[in-house]
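Participant: Before we start, here is the structure in question, set down as C-alpha cells.
The values are calculated or read from the model by the stated rules, or taken from the named source; none is laboratory data. Worth saying up front: this structure is predicted, and the values here are computed from it rather than measured. Backbone-built Cβ (ideal geometry, glycine too); neighbour counts: all protein chains shown.
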C-alpha cells in the first residue's frame with residue numbers, strides 16, 4: 001500500500017479523545033440525539049445517514065454505537081438487508097437505495113451504501129474512468145434529488161492511515177471475534193494494487209456537494225471517531241429541526257408557449273380505416289410478440305409510458321399493446337394519487353421500486369410525468385418542485401437506459417371537441433367504469449393549461465435515450481397502430497434482426 | 001405417461017364450445033367482468049385468482065385472455081414477478097405469496113402459485129409424503145386465512161388428458177411461437193416417472209376446501225376452457241358483491257380466567273443487584289455475540305418478539321439484546337397502528353413481509369400479538385377475528401420454525417403499582433419521548449382486561465417451536481438478564497457447542 005493521498009491527509013493528524021472526556025460528552029449527546037429522534041417524528045422530512053470508509057470494522061462499530069445511543073426502534077437499518085440481493089443486482093445500482101429510503105420522520109442508516117456499490121462495481125467490472133465518472137454523476141444526482149426533497153443527507157468517510165489499516169486487517173484476520181467485520185471483499189479491495197484508493201479519492205471529490213458534503217473522519221481513535229460523528233449528526237439534525245416547516249403554497253397555473261406548440265404539429269386528421277387497421281393490428285401484434293420474446297431472452301426490459309388527457313384512449317391502446325406482449329413477463333401499472341407511504345417519500349420512489357428486471361415489461365398508465373402535468377396544473381406543489389422535475393426525470397430515465405431498459409413514452413393528443421364527444425358517448429356504454437363524474441367536466445376548464453404543461457414536458461424530456469412519441473389520437477385506430485409500430489421499431493433497433 | 005387418475009377423469013369428457021357461441025357469450029361476459037372490477041374497487045375485500053394445471057400453455061392463454069377481457073390496469077399480475085426471486089427462495093415458500101396479496105378492492109392473479117411452488121419443492125428436494133403433507137397443510141391453512149379475512153379465493157386447475165398433454169408438448173417443442181410457454185421445468189416434471197401426477201392428485205384432494213375449492217377445468221378446447229373460467233369468476237365475484245359489506249361491531253371486552261392466571265405465576269419480587277447484573281451482562285452479551293455470529297454463518301435466523309404493557313421495559317431490554325447482536329445482521333421493527341397499505345390487507349401481511357433471511361435477526365417491539373391484545377381489548381375487531389387469530393398465529397410461527405427460524409417471545413410482566421411509579425418517574429427524565437400522554441393513564445383503566453388477554457395469549461400460543469418466556473420485570477436488571485440468557489440458551493440448543 002502507498003501513502004495516503006492528499007485529500008485524506010487532514011484525517012491523519014492523530015486526533016484523540018480520552019476516556020473520561022468521552023463518557024462525559026456522550027451522556028449529554030445521547031439525550032440530544034434521542035430528543036431529536038422524537039421531534040423528527042412529527043416533521044415532514046427524513047434523514048439519510050451514510051457510514052462508509054476504508055475502516056470497515058470502524059463503520060460497523062459506529063453503527064453499533066448509534067444503535068446504542070439512539071432509539072434503535074426508529075432507526076431504519078439498511079445494512080443487514082441491503083447487500084447481495086439477487087433481486088437488487090438485476091436493477092440499476094441506485095434502485096436498491098431508492099427503494100430503501102426512509103419515510104418522513106425517520107432516519108435511514110446505510111453502511112457503505114451507494115458509494116461502496118459504485119466503487120465495487122467499478123473494480124469488479126474493471127470500468128474505465130469515463131464509465132466510472134458517469135456512475136459518480138448518477139450518485140451525485142441521487143443525493144441532490146434527496147436534498148432537494150428536503151432530506152438531510154449525512155455522509156461520513158472513516159479514514160485510517162494505510163499502515164494502520166493494514167495492521168488492523170492483519171489483526172482481524174487472526175482474531176475470531178473481529179474477523180467477521182472485514183468481509184472477504186475488503187481484503188480484495190484494499191490489497192488491490194492501489195487502484196481502489198485512487199477511485200475512492202475521485203469519488204469523494206466528485207460527490208462532495210455543498211448540500212451533501214463528505215465528513216472525512218479520522219478513525220484511528222474510536223472515542224474521537226464516534227464522538228465526532230455523533231456530534232455532527234446532532235448538529236445537522238438540530239439545525240434542520242430549528243428551521244420552520246416549509247410552507248408550500250399553491251400557485252395558480254402560469255405558463256405560455258413561445259412560438260408554436262409541439263402538440264400543434266400533430267396532425268389530428270390522421271385516420272385509419274377498419275380494414276387496414278384489422279390487418280395491420282394482427283401483423284404488428286404478431287411481430288411485437290416475436291420481438292418481445294426475443295427481448296426477454298436477451299434480458300432487455302421495456303418500460304412503456306402512456307400520458308394524455310382523459311378519454312384520450314390510453315386504456316384501449318394499452319390493451320392492444322399488452323395483448324402482444326408475453327403476459328407472463330408483463331405488468332400494467334395504473335398511477336393515481338399517491339398513497340400514504342408514497343406521500344411520505346420522494347415522488348420518484350414509487351417508480352424506482354417498480355423498475356423492471358431484465359427481460360420484463362412494465363406498462364404505466366400515467367406515470368412520473370404527473371409531477372409536471374397534474375401536480376403542476378392543479379397547483380399541488382410549489383413551482384420550484386415541478387421546475388426541477390424535468391432534470392430529475394431525465395436523470396431517472398438515464399439510469400434506466402444505462403441499465404439496458406428500453407423506454408417508450410406516448411402522448412396521446414386529441415382535440416377538445418373529440419374529448420367532449422367521447423365523454424358524451426360514455427353515458428351510453430354498458431361499462432360502469434366509464435360513467436362520468438363531475439370532475440371530468442371540471443378538468444376540461446384547464447384544457448389550455450394541460451396543453452402548455454404537456455408541451456413543456458415533451459420539449460424538456462424528449463431525450464435520445466427516452467424519446468416521446470406524439471400520437472394523433474382523434475382516430476383511435478390510428479393511435480393504436482402507431483403505438484404498436486413504435487414498439488416494434490424500438491425493439492427491432494435494439495435487437496437487430498429477429499425471426 | 002399413464003392414464004389420468006380418477007379425480008381428473010371428469011375433466012376428460014370432451015367438452016367443446018363452438019366459435020359463434022363463444023363470441024356471443026364473451027361479449028356479455030366482458031361487460032359483466034369489467035363492471036365487477038369497477039364495483040369491487042369500492043369494497044373492502046380482495047380477490048385472489050389462481051390459474052394452475054398441467055396445461056401450462058393453456059394457463060398462459062387464460063391469463064392473456066383475462067387481461068384482454070378485463071381492465072388490465074386493475075389486475076395485479078404476479079406471474080412475471082413471482083418466480084425465481086433469489087430473495088424469495090430464502091424465505092418460507094408461502095412468504096412470496098403473502099407479500100404479493102392484493103389490497104382490498106383489487107384482483108391478484110397468480111400463475112401456478114403456491115400449489116406449483118409446493119409441488120416443485122417436493123419434486124426437487126425429493127420429499128417423502130409426510131413432509132409433503134405438512135407443506136400441503138400449510139397451503140390449506142394459508143387459503144383458509146385468506147377466506148377468513150373475506151378474500152375471494154378462486155382456484156382453477158387446467159387439465160389435459162395425458163395423451164393430449166404429451167402431444168402438445170411435442171408440438172410446442174417444435175414451434176418457435178409456442179415453445180416459450182413451456183418452461184424447461186415442465187418437461188422435467190411431466191416427463192417424470194408419473195410421480196408428479198400422484199403428487200398433483202394428492203394436492204388437489206388435500207387443498208380442496210369448501211371455502212376455496214378447486215375448479216378442475218377440461219382444457220382441451222380453448223373456447224370451453226376460457227368461457228368456463230370466465231363464467232366461474234363472474235359468478236363468484238358477483239355473488240360476493242351481492243352480499244352486503246360486513247358490519248363489524250365493537251364489542252366490550254369480555255373474558256375471565258378459570259383457575260389461576262399464568263401471569264400470576266411470575267414472581268415479581270425477583271431482582272438482581274447492580275454488581276451481579278454488570279458482570280452477567282458483559283458475559284452474556286459476549287456469549288450471545290459469539291453465538292449470533294455462528295448462527296449467521298450457519299444460516300439460522302432469529303425472530304425476537306417483545307410484548308408487555310406500557311413501561312414494562314421493552315425498550316431497555318431490546319437495547320441490551322441488540323447491543324449483543326451483530327448489527328450488520330439485525331433489524332429492530334417497532335409495531336404501531338397499521339398504515340394504509342397494511343389496513344387494506346390481512347393483518348399478518350406486514351409480518352410475512354418482514355420474515356428474516358437466513359442468518360439475520362429481527363427484533364419486534366410489539367408484534368402480530370397486537371391482534372389478541374390491543375385489538376381484542378379495545379374492541380377494534382369482531383370477536384371471531386381475534387378468536388381465530390391464535391390458530392393463525394400458531395400456523396404463521398410454524399411456517400417460520402419449519403424454515404429454520406428461531407422464535408423467542410418475551411412477555412414482560414410488571415405490577416400495576418410499578419407501572420404507575422415508572423409513569424411518574426418519566427416526568428423527570430430529560431428524554432422527550434418519555435413525556436406522558438393522557439392515553440397512558442387512560443390505558444391503565446383496562447389493566448385487568450390486558451392481563452386476561454395476555455394470559456389467553458400465552459396459554460394458546462406457547463408452542464414447542466415458539467415458546468413464550470414470561471419475565472418478572474418489576475426489576476429491570478432481572479428482566480434484561482433473563483432475555484439475554486434465554487437467547488443464549490435457544491441459540492446454544494440449536495447450534496450445539498460454539499466457541
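Participant: Looking for whichever is farther than 27 Å from residue B:37 by Cβ, surrounded by 15 or more Cβ atoms within 10 Å (Cβ to Cβ) and either touching a helix residue (DSSP H, G or I) at 6+ places or on another chain (Cβ under 8 Å) or not assigned by TED's automatic domain parsing to the domain that holds residue A:335 (or both) here; the options are A:410, A:396. Which one fits?
Facilitator: None of the others qualify; the one that does is A:396.
Participant: Here's a follow-up. With respect to residue B:378, is the statement that it is more than 14 Å from every other protein chain (Cβ to nearest Cβ), touching a residue at least 12 places away in the same chain (Cβ under 8 Å) and over 25 Å from residue B:415 (Cα atoms) true?
Facilitator: No.
Participant: Which residue is nearest to residue B:397 (Cα to Cα), if the candidates are limited to the range B:283-306 and must be in contact with a strand residue (DSSP E or B) (Cβ under 8 Å, 6 or more places away or on another chain) and not in a helix (DSSP H, G or I)? Before the answer, list the steps.
Facilitator: Residues of the range B:283-306 that are in contact with a strand residue (DSSP E or B) (Cβ under 8 Å, 6 or more places away or on another chain), as a first pass: B:292, B:295, B:300-306.
Filter again for not in a helix (DSSP H, G or I), leaving B:300-306.
Values: B:300: 15, B:301: 13, B:302: 12, B:303: 10, B:304: 12, B:305: 12, B:306: 15 Å.
The extreme case among them is B:303.
Participant: Okay, moving on. For the condition within 28 Å of residue A:347 (Cβ to Cβ) and out of contact with any strand residue (DSSP E or B) (no Cβ under 8 Å at 6 or more places or on another chain), what is the one hit in A:43, A:30, A:56, A:64?
Facilitator: Answer to the selection: A:43.
Participant: When you go through (1) within 11 Å of chain A (Cβ to nearest Cβ); (2) surrounded by fewer than 21 Cβ atoms within 10 Å (Cβ to Cβ); (3) closer than 27 Å to residue B:103 by Cβ one by one for residue B:323, which number turns out not to apply?
Facilitator: That leaves (3) as the condition not met.
Participant: Of the residues B:301, B:286, B:311, B:292, which is over 28 Å from the mean Cα position of the chain (by Cα), closer than 26 Å to residue B:369 by Cα and assigned by TED's automatic domain parsing to the domain that holds residue B:465?
Facilitator: Every option except B:311 fails the conditions.
Participant: Right, here's the next one. Just one of the numbered conditions (1) more than 23 Å from residue B:34 (Cα to Cα); (2) in contact (Cβ under 8 Å) with a residue 24 or more places away in the chain; (3) out of contact with any strand residue (DSSP E or B) (no Cβ under 6 Å at 6 or more places or on another chain); (4) buried (at least 21 other Cβ atoms within 10 Å of the Cβ) is not true of residue B:148; which one?
Facilitator: (4)
Participant: Residues to consider are B:460, B:480; find the one that is crowded, with 18+ Cβ neighbours inside 10 Å and either in contact with a helix residue (DSSP H, G or I) (Cβ under 6 Å, 6 or more places away or on another chain) or closer than 11 Å to residue B:409 by Cβ (or both).
Facilitator: Answer to the check: B:480.
Participant: If I ask for residues that are free of Cβ contacts under 8 Å to residues at least 40 places away in the same chain, in a loop (DSSP other than H, G, I, E, B) and more than 22 Å from residue B:286 (Cβ to Cβ), which ones from the range B:310-338 would you list?
Facilitator: B:335, B:336, B:337, B:338
Participant: Further question: Hey, any hits in the range A:433-450 for a residue that's within 27 Å of residue A:281 (Cα to Cα), surrounded by fewer than 17 Cβ atoms within 10 Å (Cβ to Cβ) and at pLDDT below 95?
Facilitator: yes
Participant: Look through the range A:295-309, keep the residues that are surrounded by fewer than 18 Cβ atoms within 10 Å (Cβ to Cβ) and touching a helix residue (DSSP H, G or I) at 6+ places or on another chain (Cβ under 9 Å), and return whichever of them is farthest from residue A:403 (Cα to Cα).
Facilitator: Once the filter is applied, the top-ranked residue is A:297.
Participant: A further question on this structure: With the checklist (1) in contact (Cβ under 8 Å) with a residue 24 or more places away in the chain; (2) farther than 27 Å from residue A:98 by Cα; (3) facing chain B (nearest Cβ under 10 Å) in hand, flag the one item residue A:28 doesn't pass.
Facilitator: So the condition that residue A:28 fails would be (1).
Participant: Consider residue B:452 against the criteria (1) touching a residue at least 40 places away in the same chain (Cβ under 8 Å); (2) at positive phi: it satisfies all of them except one. Which criterion is unmet?
Facilitator: So residue B:452 meets the others, but not (2).
Participant: Continuing with this model, one more query. In the range B:263-294, which residues are under 29 Å from residue B:446 (Cα atoms) and in contact with a helix residue (DSSP H, G or I) (Cβ under 9 Å, 6 or more places away or on another chain)?
Facilitator: Within the range B:263-294, B:263, B:264, B:268, B:270, B:271 meet the criteria.
Participant: Specify which of the listed residues (A:264, A:186, A:193) is at pLDDT below 80 and assigned to a helix (DSSP H, G or I).
Facilitator: Values: A:264 fails: at pLDDT below 80; A:193 fails: assigned to a helix (DSSP H, G or I).
Only one candidate passes the filter, namely A:186.
Participant: Could you tell me how many of the residues in the range B:299-320 are over 21 Å from residue B:411 (Cβ atoms) and more than 13 Å from chain A (Cβ to nearest Cβ)?
Facilitator: 2
Participant: Does residue A:139 satisfy the condition of being away from chain B (no Cβ under 14 Å), crowded, with 18+ Cβ neighbours inside 10 Å and not in a helix (DSSP H, G or I)?
Facilitator: no
Participant: A further question on this structure: Working carefully through the options B:39, B:88, find the one that is facing chain A (nearest Cβ under 9 Å), modelled with pLDDT of 90 or more and not in a loop (DSSP other than H, G, I, E, B).
Facilitator: B:39
Participant: Which ones in the range A:272-294 are within 14 Å of another protein chain (Cβ to nearest Cβ) and either closer than 30 Å to residue A:456 by Cα or surrounded by 14 or more Cβ atoms within 10 Å (Cβ to Cβ) (or both)?
Facilitator: Hits for the range A:272-294 are A:281, A:285, A:287, A:288, A:289, A:290, A:291, A:292, A:293, A:294.
Participant: Return a yes/no flag: does the range B:264-271 have any residue that is free of Cβ contacts under 8 Å to residues at least 12 places away in the same chain, away from chain A (no Cβ under 12 Å) and surrounded by fewer than 18 Cβ atoms within 10 Å (Cβ to Cβ).
Facilitator: First, the residues of the range B:264-271 that are free of Cβ contacts under 8 Å to residues at least 12 places away in the same chain: B:264.
Checking which are away from chain A (no Cβ under 12 Å) leaves us with B:264.
Now drop any that are not surrounded by fewer than 18 Cβ atoms within 10 Å (Cβ to Cβ), which leaves B:264.
Yes, that holds for at least one residue.
Participant: Can you tell me which residues in the range A:339-369 are without any contact (Cβ under 8 Å) to a residue 40 or more places away in the chain, surrounded by fewer than 19 Cβ atoms within 10 Å (Cβ to Cβ) and either assigned to a helix (DSSP H, G or I) or within 16 Å of the chain's Cα centre (by Cα) (or both)?
Facilitator: A:340, A:342, A:343, A:354
Participant: I would also like to ask the following. Is it the case that the range B:16-28 has a residue that's assigned by TED's automatic domain parsing to the domain that holds residue B:111, surrounded by 16 or more Cβ atoms within 10 Å (Cβ to Cβ) and farther than 20 Å from residue B:224 by Cβ?
Facilitator: No - not one qualifying residue is present in the range B:16-28.
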